Structure formats: C-alpha cells, structure tokens
1. Quick one: Cα convex hull volume of chain A, Å³ per residue?
2. Looking at the range B:218-279, how many pairs of lysines come closer than 12 Å at the Cα, when each pair is eight or more places apart or spans two chains?
3. Restricting to the range B:2-214, compute how many DSSP beta bridges are antiparallel as a %, nearest 5.
4. Counting only DSSP beta bridges with both residues in the range B:142-241, tell me the antiparallel percent, nearest 5.
5. Work through the residues other than B:Val3 whose Cβ is under 10 Å from its Cβ and net out their charges, Lys, Arg +1 and Asp, Glu -1.
6. Under 27 Å between alpha carbons: how many lysine pairs meet that in the range A:140-215, if sequence neighbours fewer than 8 apart on the same chain are excluded?
7. Among residues other than B:Ala39 whose Cβ falls under 10 Å from its Cβ, what is the net charge (Lys/Arg +1, Asp/Glu -1)?
8. Per the Kirkwood definition applied to all pairs of different Cα atoms, how many angstroms is the hydrodynamic radius of chain B?
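Here, each number is a calculation from the coordinates, and none is a lab measurement. Only a predicted model underlies this, so the values are computations on that prediction, with no experimental measurement involved. FYI the Cβ positions are ideal-geometry reconstructions off the backbone, even for glycines, and counts take in every protein chain you see.
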Amino acid sequence: MKNLLKKEVHLTMHPTAILFLFLSVLLIVPNYPYYVTFFYTGLAVFFTCLNGRENNDVFFTMTMPVAKKDVIKARFTLVVILELLQMLIAVPFAIIRQNMGIPGNAVGMDANIALFGLSFVMLGIFNVVFFGIYYKDVKKVGKPFAVSSIVIFIYICIAEACAHIVPFVRDRLDTSDNIYVTEKLIVLIAGILIYAVMNVYIYKKSKKNFEIYDI
Amino acid sequence: MNVLEVKSLCKNYKDFSLKNVNFSLEQGKITGFIGRNGAGKTTTLKSLLNFVNPTSGEVIFFNKSFKENEFEIKQRIAFLLGGVNYYLNKKLKTITNVTKSFYQNWDNNTYKKYMKQFDLDENKTPAQLSEGMKVKYSLTLALSHNAEILILDEPTSGLDPVSRDEILEILMNLADKGITVLFSTHITSDLEKCADNIIYIKNGKIIAEDSIESFTNSYKVIEFEDNIINEDLKNKIIGLKRAKKGYTGLIKAEDKPLFNCACTKAVLEDIMVHIEKEIL
C-alpha cells in the first residue's frame with residue numbers, strides 16, 4: 001500500500017493538487033462563497049484522474065504486483081488525504097477571518113465550524129458522484145467531473161440560500177463561533193460522519209465496478 | 001517444464017470472443033504469439049494477468065493459479081505492452097524509483113548493469129527515448145526484478161530493422177539464461193530469427209501450437225502461372241491467391257507429390273497470409 005501511495009504522489013497526482021490546498025487561504029476573503037474553497041480539491045481529483053488517463057496509469061499500475069482492489073484503495077487514500085489537508089489548512093484562515101473585526105460573510109455561510117461540517121458533506125457527495133461514474137470506465141474522466149460539478153453547484157446554491165432564508169441556519173449556524181457552538185459542533189460531527197459513511201460506501205462500490213472493468 | 005498453462009480461456013465481448021484458448025509455455029523458450037490485427041493476441045495476454053476478466057478458464061503460472069496467487073506471480077513475471085507507454089514525461093529515475101518499491105527481489109546492481117549496457121540515461125524521460133530504447137528500458141525494469149517470464153505485446157512493432165535485431169538478440173540471450181518469453185507480434189520474420197515455438201490465433205481461436213520448425217515444415221508454397229489446376233487439387237490448396245506472376249497457394253507438406261509445379265519452403269508469413277486468405 002505504501003508503494004502504491006508513493007506511485008500516486010510521485011507519478012499520478014497532478015502538481016496543482018498541492019497548489020489547490022493553499023487556496024484554503026480564500027477563507028480570509030471578506031465576502032466569498034466559502035464552500036467553493038473546498039471544491040478546489042475536487043478539481044485536483046479531476047486533474048489527477050485525467051493525468052492518470054493520459055499517462056496510462058491504470059495499465060502501468062496493473063503490471064505491478066498489486067491487486068485491482070488495491071489500486072482503488074490507493075486512489076481513495078490519496079483523495080481523502082488531500083481533502084483532509086484542505087480542511088486542516090483552512091482552519092487557521094477561518095480563525096483569522098473570524099478575528100478580522102469586520103461583519104460576517106455577506107455571500108453566505110461564515111467561515112465557522114458549521115461551514116466545515118457542511119463542506120465535509122459536500123466533499124462526500126462529490127466523491128460519491130465522481131467515483132460512482134469514474135470507476136465504471138476510467139477512460140472517461142470528463143463525464144464524472146461534469147456531473148459531480150453540477151451536483152456540487154446545486155449543493156452550494158442550496159446551502160448558501162439556506163444561510164439567508166432558513167431561520168435556524170441564518171440565525172444559529174451562520175454566526176461567529178463564539179455563539180451556538182453546540183449546534184455547530186453537532187453539524188461538524190454529523191458532517192464528518194456523513195463524509196466517512198459516503199466514502200466507505202463509494203469505496204466499496206468502486207471496488208466492485210473496477211473489478212469487472214476490462215482494462 | 002511448463003511455467004505457464006492456459007486452460008479453456010474464454011472471453012466474450014459484444015462483437016468478439018476468445019474461444020477456448022489453451023496453450024502452455026516451456027521454461028527458457030521463446031514462444032511467438034501470432035495472428036493478424038484484431039485476432040485476439042492482446043486480449044489473450046491481458047486475460048492472463050486479469051487486466052480483462054475472462055468469462056471462463058484458468059491461468060496457471062509456475063503451477064499456481066493466477067487468481068489465487070496474483071501478488072506472488074506478478075513478482076516473478078513482467079508484462080510489457082510495446083515499450084514504455086506510460087508517464088512519458090517523467091524522468092526514468094522517477095519511474096524506476098516508484099517501480100522498484102513494488103518488488104521484493106529488486107536488484108539495483110542488475111538495474112545499473114543493464115542501464116549501462118543499453119546506454120540509458122536516468123535523467124531522460126521516455127518521450128526522449130527512441131522506440132527501441134523504450135523497449136530496452138522496459139526490459140531493464142523487468143530484468144531488475146528478476147522476472148522469470150516476459151510477456152511482450154508487440155515489442156518490435158515500429159522499430160527499425162537494426163533495433164529489432166538488437167531486441168531479438170537480447171531476448172535470445174535471456175532465453176539462454178532460462179527466462180521464458182511470450183512474444184506477440186505480426187512481424188513473423190522476427191520470430192523466425194529467435195522463436196522456438198509458435199502459437200497462432202485466428203478470430204479468437206488458437207489454430208496452431210507447435211515448434212516453429214515443425215509448423216513451417218508442415219506446409220509448402222506452390223506457385224504456378226495460370227489457374228488451371230483441377231478441382232480436386234484445388235480443394236487441397238489453402239488460400240489460393242494472385243501473385244506477381246500467376247498464383248500461389250499453401251499446401252500441406254504431405255500433399256506435395258500431388259502437385260507438379262514449383263514448390264518452395266513455407267515461411268511463417270506465407271502460412272499466415274494464405275491461411276487468413278482461405279478462411280476469409
């Protein structure tokens with residue numbers, strides 16, 4: 001598994017994946033749809049899968065002494081690491097944003113604990129949609145990205161709209177972290193759990209799809 | 001000793017199927033796998049390593065089922081699809097560095113030896129290598145993990161005659177050291193220079209598995225200027241076709257006394273061309 005991850009990082013991962021991690025800094029932009037910040041990892045996943053396809057990665061990997069299911073495991077591990085790093089790097093910027101002494105985000109959700117929870121759900125949905133299509137035919141990378149991007153766009157629109165019109169979200173979740181911490185922590189924990197469940201589900205499904213896929 | 005046995009391998013696609021493919025490979029021999037484009041050579045090779053899922057059948061390497069011993073078997077074999085067709089813009093040293101981490105038996109000295117022998121520069125990328133050098137790099141990686149079986153899909157296609165000859169010489173030297181080679185190609189003259197055995201696939205079905213000598217000796221090529229051979233004899237001609245002067249056909253060697261015309265030794269290309277013509 002270590003060798004497969006080494007292969008993912010040294011050969012397959014697109015260099016922009018690292019660059020996108022640092023776009024977590026967007027959380028200090030005073031007014032911005034902060035969910036988009038976390039979607040950049042989705043773009044990195046797309047570029048990485050595209051890079052793999054253009055370089056015959058699946059063929060190269062399958063000639064190595066590895067089983068098909070481990071190829072999936074390595075890709076998911078890389079993706080989850082990238083997504084978690086994006087979240088982790090975003091934390092200090094969220095704290096900076098909250099302490100800037102200016103009003104909250106006028107676009108939608110503030111850079112707070114609940115945003116992270118809801119972004120975990122968003123990344124979970126992205127993984128389910130993207131990999132659900134991708135591992136049916138790894139030669140087609142555009143379709144899974146197009147479909148997952150549309151789904152995520154809709155998710156962001158709904159989530160940001162809720163921050164304006166749903167009273168619970170607007171008055172409790174879309175606030176500074178010094179109030180309603182319990183509610184926000186519940187959203188964060190629920191978000192992480194949903195993200196984990198969705199990843200386990202799509203990992204198992206991808207394994208099944210890839211097992212019957214002819215390279 | 002057989003190092004690979006393929007039993008009743010079938011794979012069904014919508015418009016093509018591998019039909020009950022059976023063959024075996026002897027240790028230390030070079031076996032040529034021939035057939036025209038689309039005959040099923042690559043599908044067969046990919047099925048051996050589970051790249052494609054066979055509909056049925058069994059693949060046994062070193063007396064062990066591939067399905068149950070995939071990891072161990074892949075440590076002992078190498079599959080080369082042409083030369084290097086992956087990560088063309090990465091440096092060879094990066095590809096090597098990743099590759100070696102997969103193999104328990106990786107031997108750095110062997111790697112260095114072959115890189116030097118083949119005059120390969122680690123700082124180059126596959127895109128900067130000629131087609132012949134790409135094959136040599138692939139072979140270097142395979143030999144550095146002590147692969148006992150090399151499965152090569154069209155390794156000499158697209159190479160100039162000198163590079164092809166070089167690759168064939170390398171393969172013969174490897175076979176002398178006990179390495180088994182399965183070599184798919186449609187450049188049949190390459191096989192005449194180096195192969196011991198031949199497997200011939202036509203429309204997804206193995207139609208011959210023999211030593212190359214016995215296979216070519218079992219046919220003769222006849223040539224005649226006009227098409228006046230009687231119907232009885234015509235039925236014995238395989239793939240009667242136009243030639244520059246008159247006609248040519250393939251006959252079974254035992255039928256040679258029946259024909260009173262120019263008769264020459266058949267080479268693999270003659271056999272293939274006439275057999276394909278006949279069935280079409």
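1. Values: hull volume 23.0 nm³, N = 215.
Value for chain A: 107 Å³ per residue.
2. 9
3. 50
4. Values: 6 of 11 bridges.
Once the DSSP bridges in the range B:142-241 are tallied, antiparallel ones form about 55 percent.
5. The answer is -1.
6. 8
7. Working: positive: B:Arg36, B:Lys41, B:Lys202, B:Lys205; negative: B:Glu276.
Around B:Ala39, the surrounding residues sum to +3.
8. Hydrodynamic radius (Kirkwood, Cα only) of chain B equals 20.3 Å.
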